[in-house]
Amino acid sequence: MTLLKINYNINYVLVVVLFFTLSCKNAKSNTENGPEPQKDEVSEETDETQDRIGGFLVDKPYNNDTIDFSNVSVTISDDMNVVGFPRKMETYGTLFAGMKAVPDEFLNEVAETFHQMFPQDAGLDLKKQHELLNTMLQYRSVIPVLEGRYESASEDINEGLEKLSNEYSVCDIIMYKDGTGRQTMEVIEHLLHYVTSIGLHLTAPEAWSFTDPKSEVTVAMNKAIDLGLYNIDGYEDILEEAKEVHQRVIVQEFAYWLISTYWDLQEPYGPMEEEEWNIDNKSQLLEKLPEGYHLVENTVAKYMSAPSKEILEKFRKYN
């Protein structure tokens, strides 16, 4: 990634993360050594009174709902009833809240990408896969989809984002036609942020917890930092605002780099002059950071798959 894009990406991450952190009025002050969410308890608290782990994730599920995995339909409607975000897409238990200008074609391609990450393949561990996706449903995962760059968002859009962050678990956004020329990875990155920071964090905490300093992902991340493979200097401003949010963000970003590299998506779709991440492909990942390779191999690869080239190529038309 060029220096220009590096600066843009880091600034975008900082602005979005700090926005959602400050919007969640009751973010926990310290979750590093606090208890993990208990999935067997359903919250009876109002949306705005729930504590927020890592600045965004509610500490108890909202419901005990489950997904019908025989139904792969995608429902798109205009009844989201959130200012700035009238469009609603639901699939596999995850809700996408879209701005009016985001077309059905793009939303459907995002949904297909999400489906392909979780194929109902008998060779996969479908029990674990379903647990992960059901957890995202129960913790009310919602992904806002913006047209254009976040920095140019109107007051109405910011009001809508604040409402979404108070009523759902929102850790990031997807931007449609943001002008960076990396639409494919814009989609992959932010789908993975939700999968890792909600689904994997809650269903496979020994491997993927962002709050546990002994989790496999945190140990692998720290080694990558020490080896100069993962540069977190750009996230120092978040550390100044909230330590626990900073920890979640650097683990969340590392998890994206790790999984997308294991899937061999960085060379075809991610700019290769990247200063934040210094591993180009799956074979280099095994050579340079075997802990990270085996983490994905022993968990994610057992119940998830890389989206097909066919669906990923469709996003190029939005660059």
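The values are calculated or read from the model by the stated rules, or taken from the named source; none is laboratory data. Treat the numbers as computed from the prediction; the structure is a model and nothing was measured. Note that each Cβ is placed from the backbone with ideal geometry, even for glycine, and that neighbours are counted across all protein chains shown. Heavy atoms of the whole protein, side chains included, go into the accessibility calculation; ligands, DNA and RNA do not. Shrake-Rupley method; radii C 1.70, N 1.55, O 1.52, S 1.80 Å.
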Output the residues belonging to region 141-175 that are part of a strand (DSSP E or B), in contact with a Leu (Cβ under 8 Å, 6 or more places away or on another chain) and either of a type outside the set (S, T, N, Q) or open to solvent by 30 Å² or more (accessible area, probe 1.4 Å) (or both).
Val142, Ile143, Pro144, Val145, Ile174, Met175
Could you grab me the full set of residues in region 120-140 that are within 16 Å of Val72 (Cα to Cα), open to solvent by 30 Å² or more (accessible area, probe 1.4 Å), of a type outside the set (A, V, I, L, M) and part of a helix (DSSP H, G or I)?
His130
Does any residue of region 300-309 turn out to be open to solvent by 20 Å² or more (accessible area, probe 1.4 Å), closer than 22 Å to Val219 by Cα and at pLDDT 95 or above?
yes
Which condition from (1) open to solvent by 20 Å² or more (accessible area, probe 1.4 Å); (2) among the charged types (D, E, K, R); (3) touching a helix residue (DSSP H, G or I) at 6+ places or on another chain (Cβ under 8 Å); (4) not in a helix (DSSP H, G or I) is the one that Asp178 breaks?
(1)
Those residues of region 238-261 which are touching a helix residue (DSSP H, G or I) at 6+ places or on another chain (Cβ under 7 Å) and either over 17 Å from Val219 (Cβ atoms) or surrounded by fewer than 22 Cβ atoms within 10 Å (Cβ to Cβ) (or both), in sequence order
Ile238, Leu239, Glu241, Ala242, Val245, His246, Val249, Ile250, Tyr256, Ser260, Thr261
Just checking, how many residues over region 64-78 are in contact with a Leu (Cβ under 9 Å, 6 or more places away or on another chain), within 18 Å of Arg140 (Cβ to Cβ) and in a strand (DSSP E or B)?
0
Restricting attention to region 223-271, and to residues there that are out of contact with any strand residue (DSSP E or B) (no Cβ under 8 Å at 6 or more places or on another chain) and of a type in the set (Gly, Ala, Ser), which single residue is farthest from His294 (Cα to Cα)?
Gly234
